[in-house]
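J.: First the structure, which I've put down as structure tokens, then a few questions once you've had a look.
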Amino acid sequence: MRHGFFITLEGPEGSGKSSQARSLVRTLQRNGRKVTFLRDPGSTALGRALRRALLHTSAELSPLAEALLFIGGRVALVEERVAPALARGRVVVCDRFHDSTIAYQGYGGGVDPAWLDRLGRRAIGGIVPDLTVLLDVPVERGFARLRRRHDRMERKTRRFHHRVRAGYLKLAKCDPRRFVVVDASRSPRAVQRQIELIVLRRIRVLAPSPEPQAPSGR
Ligand code: TMP
């Protein structure tokens, strides 16, 4: 039985998603929410191992092999972290999730997105985010922000990354109840404020905190 609230942050390279996820967690905590902050892949032992392999291997990996590895890592993430936290009524904030596989390996890598969507959803037992914040940024602008050495995914062609961004926008258009698209080319502070407003409003509507007892007048 699920009682918590599940938020995912998605976006192409250089969207500022990870810093925004951290700020969002702090805001939710300041508002009295119990928050579990996760990263896909990376918040389980298997996820950390897969992250190293997927982002830093020199071995050839096809988009299908990548997709299956990302999905495998996500199964462990859901079983070990997401489902237990939601069952305890926590707000779960996850830096990337299922939509990343559809955008990157599906639209970017050419694995049939509809097939991948069915497979990926089944694998994680139908856990769907309550809210997905898509931090959208033009590809060149996002890459200009990356200062460190590029990892394996970032080294893919710019055409690949254009397909990823277009894929994300398509996913958001097809599911407007779950997705909100935020223009992440603005200043981090402006982006942060918009995300806070969206999330706090949604959480209050969909997962209200227990009302404090009204003092009895008698
Ligand atoms: P991150 O550094 O934003 O956490 O993302 C890791 C990289 O892995 C990023 O380039 C996106 C990519 N990725 C996929 O290609 N498919 C997936 O399913 C996930 C979760 C990430």
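J.: For the stretch 47-62: of the residues being surrounded by fewer than 19 Cβ atoms within 10 Å (Cβ to Cβ) and modelled with pLDDT of 95 or more, which is nearest to residue 147 (Cα to Cα)?
T.: 48
J.: In the stretch 136-148, what residues are within 13 Å of the ligand (Cβ to nearest atom) and not aromatic (Phe, Trp, Tyr)?
T.: To start, the set of residues in the stretch 136-148 that are within 13 Å of the ligand (Cβ to nearest atom) comprises 137, 139, 142-143, 145-146, 148.
Answer for the stretch 136-148, where residues must be within 13 Å of the ligand (Cβ to nearest atom) and not aromatic (Phe, Trp, Tyr): 137, 139, 142, 145, 146, 148.
J.: Moving on. Could you list, ordered by first residue, the pairs with Cβ atoms under 9 Å in which the first is in the stretch 66-93 and without any contact (Cβ under 8 Å) to a residue 60 or more places away in the chain and among the β-branched types (Val, Ile, Thr) and the second is outside any helix (DSSP H, G or I) and within 16 Å of the ligand (Cβ to nearest atom), at least 6 apart or interchain?
T.: Qualifying pairs under 9 Å: 71/124; 75/124; 78/124; 78/127.
J.: Related question: Does any residue of the stretch 76-97 turn out to be open to solvent by 50 Å² or more (accessible area, probe 1.4 Å), out of contact with any helix residue (DSSP H, G or I) (no Cβ under 7 Å at 6 or more places or on another chain) and within 12 Å of the ligand (Cβ to nearest atom)? Working first, answer last.
T.: First pass over the stretch 76-97, keeping only residues open to solvent by 50 Å² or more (accessible area, probe 1.4 Å): 79-81, 87-88, 90.
Applying the additional criterion that residues be out of contact with any helix residue (DSSP H, G or I) (no Cβ under 7 Å at 6 or more places or on another chain) yields 79-81, 87-88, 90.
Keeping just the survivors that are within 12 Å of the ligand (Cβ to nearest atom) gives none.
So far as the stretch 76-97 goes, no, none of its residues is open to solvent by 50 Å² or more (accessible area, probe 1.4 Å), out of contact with any helix residue (DSSP H, G or I) (no Cβ under 7 Å at 6 or more places or on another chain) and within 12 Å of the ligand (Cβ to nearest atom).
J.: Would the stretch 132-147 turn up any residue that is in contact with a helix residue (DSSP H, G or I) (Cβ under 7 Å, 6 or more places away or on another chain), over 22 Å from residue 195 (Cα atoms) and not aromatic (Phe, Trp, Tyr)?
T.: No, the stretch 132-147 contains no residue that is in contact with a helix residue (DSSP H, G or I) (Cβ under 7 Å, 6 or more places away or on another chain), over 22 Å from residue 195 (Cα atoms) and not aromatic (Phe, Trp, Tyr).
J.: Just give me the residues in the stretch 176-208 being modelled with pLDDT under 90 and open to solvent by 60 Å² or more (accessible area, probe 1.4 Å), in sequence order.
T.: Across the stretch 176-208, the qualifying residues are 204, 205, 206, 208.
The values are calculated or read from the model by the stated rules, or taken from the named source; none is laboratory data. Since this is a predicted model, take the numbers as computed values, not measurements. Neighbour counts run over all protein chains shown; Cβ positions are idealised from the backbone, glycine included. Heads up: the accessible areas ignore ligands, DNA and RNA and are worked out on the full protein's heavy atoms, side chains in. Shrake-Rupley method; radii C 1.70, N 1.55, O 1.52, S 1.80 Å.
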